[in-house]
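Report on the following structure.
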Amino acid sequence: MSQHLIAVVAFDRISPFHLAVPCVVFGDAQPAGGGAYQLRVCAVESGPLRTTAGFSLAIEHGLEALAEADTIIVPSWRDPAERPPPALLDALIAADRRGARLVGLCLGAYVLAEAGLLAGRKATTHWAYAGDFSQRYPAVDLDPDVLYVDDGNLLTSAGTAAGIDCCLHMLRQQLGAESANRVARRLVVPPHRQGGQAQFIEQPLPATAHDSRLAGLLDWVRANLQVPHTLDSLAARSLMSRRSFTRHFRALTGSTVGHWLLGERLAHCQRLLESSEQPVEQIALLAGFGSPVSLRHHFRQAFGVSPQAWRQTFRGN
């Protein structure tokens, strides 16, 4: 069987981690004497490439190597606001026309989109840039809640470590589950993660002003999530009318009482699952869900995984 040529695009000010992800996944898939892949790192610019970690890289191949690649991986991009060089975009368009597989990891999705390759296709990128991406490329069917998207010859992944998930997915497709599992074990990562980006998006506490009439109430609710709360009960506790309370609450939190309360309860469940040995039944009561069935329903709807799977991911048991 002929070797599958994978070209990884490197550029000035690249993150060493992003560059290393496809190199280590497909490099570790090789037996000692060589194997299914030939890996080439190809530089966008000439000369030594600076990295974000303070050291430089000497890259042997240039963009001309992309013309022969079976798979081209753009492991990220240095600035979403910067249009990639025309030579890179032209090389990607030519590769797409001849049927090569094109992969945009993390912000690398911007490069594929700028080349016009994602129009009318499904894709993802880092959750923090999803709004900007959708605004700039409205023709792309963006799903910001998944770890990676496989749409024919085009693959895109979410941020940073999700690139590992995407590369393991490709490895699984090409060499089988056993090879992918072996590489995952070497990297000490799960061969396949459930869920999506939502489980890694922080839920920050609202930035309440110290003089806000509701600041103390919100702190009290967080400390008493096991108690049933309603819009009317909270309005009464704050000595406001229902209408006035609703207006002040939305101005302070940017959310309705129901959505905010659900978010706080889910965040409390996350903390308990990660830091305690409490069973799910007890956590449901402490967070105010009332029953484990209700907790499991809302947890899976919000994060795409069960509470037990969340605990296993973050605690390893």
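Applying 1/(1 + (r/R0)^6) with r as the Cβ-Cβ distance of ASP12 and VAL188 and R0 = 35 angstrom yields a FRET efficiency of 0.70.
If you run the Gaussian network model on the chain, springs between alpha carbon atoms under 10 Å, then out of ARG242, ARG40, ARG172 the most flexible one is ARG242. FRET efficiency for the ASP141 to GLN173 pair, using the beta carbon distance and R₀ = 30 Å, is estimated at 0.90. Of the trypsin sites (Lys or Arg not before Pro) in region 91-156, the ones in a loop by DSSP (not H, G, I, E or B) with at most 16 other beta carbons within 10 Å are ARG98. The residues of the chain present an accessible area of 48 Å² per residue when probed at 1.4 Å with all protein chains retained. Taking amide H as placed 1.01 Å from N in the peptide plane, THR156 has its amide H under 5 Å from the amide H of GLY104, THR124, VAL149, ASP151, each at least 5 places away in sequence or on another chain. When shorter helices are ignored and each DSSP H run of at least 4 residues is given -39500 (n - 2.57), the per-residue value for the chain at 222 nm works out to -13000 deg cm²/dmol. Distance between the C-alpha centers of region 250-317 and region 5-74? Whole Å please. Answer, in whole Å: 41. About the centre of its Cα atoms, the chain shows a dipole size close to 980 debye [charges on the beta carbon of Lys, Arg (+1) and Asp, Glu (-1) only; nearest 20 debye]. Given the options LEU217, LEU112, LEU39, state which has the largest fluctuation in a GNM of the chain using a 10 Å cut-off (strictly under) for Cα springs. Of LEU217, LEU112, LEU39, the most mobile in the Gaussian network model is LEU217. Accessible-area rank, largest first, for GLU114, GLU64: GLU64, GLU114, with all protein chains present and a 1.4 angstrom probe. Ligands, DNA and RNA excluded, the heavy atoms of ILE59 present near 50 Å² of accessible surface to a 1.4 Å solvent probe. Approximating the spin labels as points 7 Å out from Cα along Cα→Cβ, the ALA67-to-GLN3 distance works out to 2.0 nm. In this simple spin-label approximation, ASN153 and ARG271 carry label points 7 Å from Cα along the Cα→Cβ vector, and these lie 5.1 nm apart. When all protein chains stay in place and ligands, DNA and RNA are ignored, the 1.4 Å accessible-area order of THR256, THR52, largest first, is THR52, THR256.
What is the calculated FRET efficiency for ASP28 to ARG98, with r their C-beta to C-beta distance and R₀ = 35 Å, to the nearest 0.05? Plugging the Cβ-Cβ distance into 1/(1 + (r/R0)^6) gives 0.80.
When the surface is traced with a 1.4 Å probe over the full set of protein chains, TYR148 keeps roughly 50 Å² accessible. For Rg and Dmax of the Cα atoms in Å, computed directly from the structure shown, the correct entry in (i) 21.6, 74; (ii) 23.6, 76; (iii) 21.3, 69 is (ii). By accessible area, using a 1.4 Å probe on protein heavy atoms only, the chain has 53% of its surface on carbon and sulfur. The angle between the Cα long axis of helix 86-97 and the main principal axis of the chain comes to about 80°, on a 0 to 90 degree scale.
The reciprocal of the average 1/r between distinct C-alpha atoms defines the Kirkwood hydrodynamic radius, which for region 24-167 equals 15.7 Å.
The values are calculated or read from the model by the stated rules, or taken from the named source; none is laboratory data. Only a predicted model underlies this, so the values are computations on that prediction, with no experimental measurement involved. All Cβ positions, glycine included, derive from the backbone under ideal geometry; neighbour counts span all protein chains shown. Areas reflect the complete protein model, heavy atoms only, side chains present, ligands, DNA and RNA absent. Shrake-Rupley method; radii C 1.70, N 1.55, O 1.52, S 1.80 Å.
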